[in-house]
Amino acid sequence: MTTLTPDVRREAASQLTAGAGGSWLVIAGQELRDIWLSARGPAIVIGTSLLLSLLTYLAASNEELNIIDQRDTVNLLAQITMALAVGVSLLFTADCVSGERERETLESLLVTPVPRGQVALGKYLAAVSMWPVLLIVAIPYIWVLREGDGVFADAMLGALVVGTLLVIGFVSLGLLVSIFSGSNRLSLAVAFFIFVLLLAPTQLPLGGWFGDLITQTNPMTAGSTFLHRAIVKEHGWGEDLDLLIAPAVWAIAMTGVAFIAAGRLRLQGSFGR
Amino acid sequence: MIRRGGLVALVATVALFAIALGARRHAAAEMNGAPIAVGELTVVVSKSNVSAVTGDSFTFTSEIRNSGSEATPALIANLAFVAVDGGTYVDPEDWSSERTQAVAPIATGATASQMWTVKTVLAGDVASYVVVLPAPPALVANSPLAVSPAIQMHVEKHRALNPGGVLPTVLIVPVVLVMAFGGMRVVRRFV
C-alpha cells in the first residue's frame, strides 16, 4: 500500500528488539497516516458523501423514485455504502504487497525484523479503517430518509454486522491475491474481478433451488438478502440468521488463509512476474 | 423470459378455467339456497374530494352497513383506483400498499369500518372507490357487488427545492467533510 519510511522500519525494529511485540501497530499507524493524511482516504469519503447526497435528493424529489417505499430507499443507501466500502478496502489491500513488490520496496520491508504476519496485520487494519468511516458518513442520510419505527436502527445495525463481515472477508481476499501476484496490475484486476463476480448475483432475480443455493452460499447475496429482509421486510434478526452464515464463514476462512499465506510471504510473487 | 411468460400465461389460464368451473358449480348450488346478502349492503366513504400534491399521503375510512334482514357472510373490501383524466398511468399498488381488507360477517343493521391510506404518487385526476364482495365460499359468479361513491383526487405536481427536508443534509455533509479534511491538511502544514 505504501512504502515504509526508514524511520518506521527503525521504530518497528526497535520495538521488536525491546520485546514490545507491537510492530503491527507501527505499521498500521504508518498505513493509516498514508490513507487518511494523504488525499486518498479523504477523496474517497468526500466522493461517497457526494454520491449519497445525490441519491438521497433523487429519492426524495424524483417522482418515479418517490413511488419506492421509504424502507427500500434506506436499504438502497445502506447497500451502496456497504458495497463501496467493500470495494475500496479490497483495492487497498490488493495493492499492499504487490505494490511494494512493484516499487521494489518489499525487499527492504522483508529484511526488517518484523514478523511477516505482523506486516500483513498492520496493512490489513489500515484497509479495514475505511469501513467505519464510510458507515459514519452514511448515518445522516439514512437518518433523514427514515420513516416509521425502527427503520434507522434496523438499517444501521444490519449494515454494521453484514458490512463488517463482508469487509473483513474481502480485505483478506485482497491481501491473499496481493501476496501471490507478481504485479500490481494483476493483483488489482484479479481482486476486482472476484468482487464483481460475487456482487453481480445481487442484481439478478434469483429463484428456484439454484437461486437459493447462490443466495445462501455467496457472501454478497446472502448479506444483501439479509439486509433487505431486516430493513424492507421488517423481519426479526432471528428469522434470517442462516443468511449470516456465508458472510461469517467467508470472513473467517479468508482471514485464516490470508494470514497463513502472509506468514510465508516471499520477495517474488507466484504469478504474473 | 418469453418462455417463462408463456408458462405463467398457461398456468394462469388453467387456474382461471378451474376457478370458473368451480364458481359455476357453486352458483348452481346457491340458486337453491339462501340469497347472499351483499346486495343489501351500502358502502360510504369519509371523503369525497381530495386536493393534494405528489408525495402526499392521506387516510379515509369506509363504512359498510348491512341493511338486509340477515347477517352477511365474511366479506372482502377492496380499494380501487382509476384515472379519470384519461392520461394518468395508475398502478394501484403504488397508490396504496394495503388495498384489500377482510371484513368479518356483519349482523343485521350493523356496520363495519375500514381505514385506508392513499399516497398520491403521480399528478393527474384519479378516482378511488371501495368495492365489497363476499369472501369465498359465498363468492359466486353472479355475486352482487357493493360499491362506495368515488373519491375524486386532484393531484398537482410537487416541485420543491427541499423535498422531504433532505436539502440541508445533502448539502451540509459533503461541505463539513471537505472542511474537516481540508482543515486537517492546513493544521498539518503549520504544525
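Multiplying the residue separation of A:Asp69 and A:Val111 by 0.36 nm and removing their Cα-Cα distance gives an extension gain of 9.4 nm. Taking all protein chains together and rolling a 1.4 Å probe, A:Ile245 ends up with roughly 100 Å² accessible.
The lysines whose alpha-carbon is closer than 24 Å to the alpha-carbon of A:Lys233, local same-chain residues fewer than 8 away aside, are B:Lys119. Can you list the residues in the range B:78-127 whose accessible area drops by at least 10 Å² when all protein chains are present, compared with the chain alone? Use a 1.4 Å probe, heavy atoms only. Hits at the 10 Å² cut-off: B:Asp94, B:Lys119, B:Val121, B:Leu122. Accessible area per residue for the range B:83-139, computed on protein heavy atoms with a 1.4 Å probe, is 47 Å². In the context of the full set of protein chains, the range A:138-273 has a per residue accessible area of 49 Å² (1.4 Å probe). Using the Cβ-Cβ distance between A:Ile136 and A:Glu104 with R0 set to 35 Å, the FRET efficiency from 1/(1 + (r/R0)^6) comes to roughly 0.40. Taking a ≥ b ≥ c as the square roots of the eigenvalues of the Cα gyration tensor of the range A:116-229, is the shape rounded (a/c under 1.5), prolate (a/b larger than b/c) or oblate? Oblate, since a/c reaches 1.5 and b/c is not below a/b.
Computed from protein heavy atoms with a 1.4 Å probe, the total accessible area buried between B and A is close to 2000 Å².
Database remark: amide H of A:His235 closer than 5 angstrom to the amide H of A:Ala230 (H placed geometrically; neighbours at sequence offset of 5 or more, or on other chains; Pro and chain starts carry no H). The label point for B:Val186 and the one for B:Leu145, both projected 7 Å from the Cα toward the Cβ, are 6.8 nm apart.
When the P(r) of the range A:44-161 is calculated, the portion above 23 Å amounts to 44% of the C-alpha pairs.
Enter the accessible area per residue of the range A:29-118 (Å², integer; probe 1.4 Å; all protein chains in place).
Counting only protein heavy atoms, the per-residue value for the range A:29-118 is 38 Å².
The distance between label points at B:Ala110 and A:Leu213 comes to 5.4 nm (points 7 Å beyond Cα on the Cα→Cβ vector). Treating r as the C-beta distance of A:Leu50 and B:Ile76 and R0 as 51 Å, the FRET efficiency rounds to 0.55. Kindly provide the GluC sites (Glu not before Pro) of the range A:102-195 that DSSP labels as loop, not H, G, I, E or B, and whose Cβ sees at most 10 other Cβ atoms within 10 Å. Sparse-neighbourhood loop GluC sites (Glu not before Pro): A:Glu104.
Residues of the range B:38-71 with amide nitrogen under 16 Å from the 7 Å Cα-to-Cβ point of B:His158? Those under the cut-off are B:50-59. What Kirkwood hydrodynamic radius do you get for the range B:70-191 when you take the inverse of the mean 1/r over all pairs of distinct Cα atoms, in Å? Taking the inverse mean of 1/r over all distinct Cα pairs, the range B:70-191 comes out at 19.0 Å. With R₀ fixed at 30 Å, the C-beta to C-beta distance from A:Ser38 to A:Leu204 puts the FRET efficiency at about 0.20.
Comparing the full protein assembly with the isolated chain (1.4 Å probe, heavy atoms, ligands and nucleic acids excluded), the residues of the range A:42-58 losing at least 50 square angstrom of accessible area are A:Ile46, A:Tyr57. When the residues B:Val53, A:Val97 are ordered by accessible surface, computed with a 1.4 Å probe over the protein chains alone, the sequence from largest down reads B:Val53, A:Val97. Accessible area per residue (1.4 Å probe, heavy atoms of protein chains only) ranks A:Ile168, A:Ile35 as A:Ile168, A:Ile35, with the largest value leading. Working from label points 7 Å from Cα in the Cα-to-Cβ sense, the A:Ala153 to B:Ser48 distance is 4.5 nm.
The values are calculated or read from the model by the stated rules, or taken from the named source; none is laboratory data. Quick caveat: nothing in here was measured; it's all calculated off a predicted structure. Cβ: placed from backbone, ideal geometry, glycine included. Neighbour counts: every protein chain shown. When the accessible area is computed, the model is the full protein with side chains, heavy atoms only, and any ligands, DNA or RNA have been set aside. Shrake-Rupley method; radii C 1.70, N 1.55, O 1.52, S 1.80 Å.
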